[in-house]
1. Between residue 128 and residue 60, take the C-beta separation as r, use R0 = 25 Å, and let me know the FRET efficiency to the nearest 0.05.
2. At R0 = 45 Å, how high is the FRET efficiency between residue 118 and residue 190 if r is their beta carbon distance? Nearest 0.05 is fine.
3. Report the normalised scattering of the stretch 135-192 as log10 I(q)/I(0) at q = 0.16 Å⁻¹, calculated by the Debye formula with identical scatterers on the alpha carbons.
4. Could you give the alpha-carbon Rg of the stretch 1-46 over 2.2 N^0.38 Å, rounded to two decimals?
5. Quote to one decimal, in nm, the extra length available between residue 254 and residue 171 on full extension: 0.36 nm per residue of separation minus the C-alpha distance between them.
6. If I stretch the segment between residue 105 and residue 240 completely, what's the gain in nm (0.36 nm per residue apart, minus their alpha carbon distance), one decimal?
């Protein structure tokens with residue numbers, strides 16, 4: 001149940017707001033096609049496979065970001081937020097809490113900045129001590145991984161396993177790219193079936209509701225007004241359904257154009 005709620009919340013956070021998925025039961029008894037549709041949305045919108053490949057990439061070289069921040073932050077900015085005149089006790093407490101959060105954030109930022117500087121210094125030492133030792137004259141120095149392998153040669157087995165795993169993932173990704181058009185064609189049929197079933201369910205629900213509605217006597221003007229509003233609402237819903245169907249058709253066409 002916790003995993004199901006987490007998946008629903010994560011999909012909602014990333015922008016997948018389909019209510020049919022949020023209404024699925026937690027026992028997993030139904031909803032396989034909804035999960036398939038959500039997975040396809042992740043593939044198309046977020047580039048899920050590309051992100052996984054980038055996250056699992058084996059880094060044999062040295063990478064570091066360039067920090068352009070100042071070493072010493074001006075202390076004059078601290079404690080500048082004050083409660084305005086006439087502010088109540090609750091407002092003063094909120095301001096103090098924000099000041100505390102600001103100070104905590106600045107402290108964490110300084111710690112992160114110090115760690116980044118230490119990393120850059122260590123990288124510079126390794127590059128300086130190994131300059132001219134690399135067979136690549138353009139690079140000219142060893143990376144951290146290569147230096148660790150020189151000091152501890154037995155670690156090459158672990159690195160070899162990681163590289164083999166990454167190679168297998170890349171081969172699987174290339175195979176997926178070749179079969180991807182077939183997958184999206186299949187997803188078009190899934191979308192068509194879901195749309196047809198949705199139209200059938202709506203038609204049956206409308207028929208049942210129509211049978212349940214009692215005959216409204218003409219002697220009640222407020223009832224006639226309510227019935228007119230319900231009729232207009234029904235027409236608006238039908239128009240919205242048509243618009244959604246057109247939107248699905250355009251999205252399918254866009255999918256097909258992108259996978260060609």
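Bear in mind that the values in this text are calculations on the coordinates, not laboratory data. Not measured: the values here are computed from a predicted model. Neighbour counts run over all protein chains shown; Cβ positions are idealised from the backbone, glycine included.
1. Using R0 = 25 Å, I get an efficiency of 0.80.
2. 0.30
3. -0.70
4. The stretch 1-46 yields a ratio of 1.06.
5. 27.2 nm is the gain from fully extending residue 254 to residue 171.
6. Between residue 105 and residue 240, full extension yields 43.9 nm more.
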